[in-house]
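Comments concern the structure below.
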Amino acid sequence: MKRNAAAGRDKSRGKRGAAGQKRARDKVFEVAADLFYRQGVRAVGVDTIVKHADVAKISLYRSFASKDDLIVAYLADRNEKFWRQWDETFARHRDDPRAELRAIMRYLAKRTTQEGYRGCPFINYCAEFPDTSHPGRRVAEANKREWRRRLVAIAEALGVPRPKQLADSLLLLVEGAYAISQTLGGPQGPGHAIVWAAEALVDAQLGKQSS
């Protein structure tokens, strides 16, 4: 009976320890993700993360073997959340590719012209880490490849004569909106023009004239 009681206590302590480790991991991750996006990945060190998270450094390394692992986790999380939000937001337009594209561009116009917007996290990361062998690059590149794939699908659904050309042109608009948000951003910036520009590209392939 004593052995059973001791085993029960050990099991309870184990559960509490695992829960505490998960809370520490979540805290470290949330703080790191916020600081990476707002201040830059290179600018934020491990000491800064654990200080803001109010945890011991060992708590970080129990969950992430290195800062690079934390960076990859941050990028993967941003990528997964972005596409989940895309699916939730634009799913209602899937039977109307023109409406879907318009909704996407309106969303980007609003998002990229908000005060305090810090740009695309994948572009920001690649600017800080030009080395293509860095483990975070595969996540960043996967995000852009998925952008391209989805835009090709929309262009094909629109029935334009050169869907891949249109998709690449639209992707350049998207990347331009992300980039200019960091120099001429805010509500008065040119980012709103992405809606008109996308319509003009589609109309050009369909042989129409944008108003």
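Rounded to the nearest 0.05, the FRET efficiency derived from the C-beta distance between residue 89 and residue 65 at R0 = 41 Å is 0.75. In this rough spin-label picture, where each label sits 7 Å from Cα along the Cβ direction, the residue 164-residue 193 distance is 2.9 nm. Spin-label model, residue 204 to residue 171: label points 7 Å out along the Cα-to-beta-carbon direction sit 1.7 nm apart.
Can you list the residues of region 135-151 with backbone N under 17 Å from a point 7 Å past the Cα of residue 42, pointing along Cα to Cβ? Backbone N within reach: 135-137. Per the Debye formula on identical point scatterers at the alpha carbon atoms of the chain, with no solvent, log10 I(q)/I(0) at q = 0.10, 0.19 Å⁻¹ is -0.57, -1.33. Normalising the Debye intensity of region 22-138 to I(0), with uniform scatterers on Cα atoms only, and taking log10 at q = 0.18, 0.22 Å⁻¹ returns -0.97, -1.21.
The modelled label-to-label distance between residue 127 and residue 145, using points 7 Å beyond Cα along the C-beta direction, is 2.5 nm.
Pick out the long, greasy-scoring helices in the chain: whole DSSP H runs spanning 24 Å or more along their own axis by Cα, mean Kyte-Doolittle at least -0.5. Membrane-span-like by this criterion, though nothing is claimed about a membrane: 163-180. A protection proxy built from the mean count of other Cβ atoms within 10 Å ranks the segments 124-136, 172-184, most packed first, as 172-184, 124-136. Full extension of the chain segment joining residue 106 with residue 82 gains 7.1 nm, where the gain is 0.36 nm per residue of separation less the Cα-Cα distance.
Any read-out appearing in this document is the output of simple, stated calculations on the displayed coordinates, not a laboratory observation. Because the structure is predicted, anything quoted here is derived from the model rather than measured. Note that we place each Cβ from the backbone using ideal geometry, even for glycine, and neighbour counts take in every protein chain shown.
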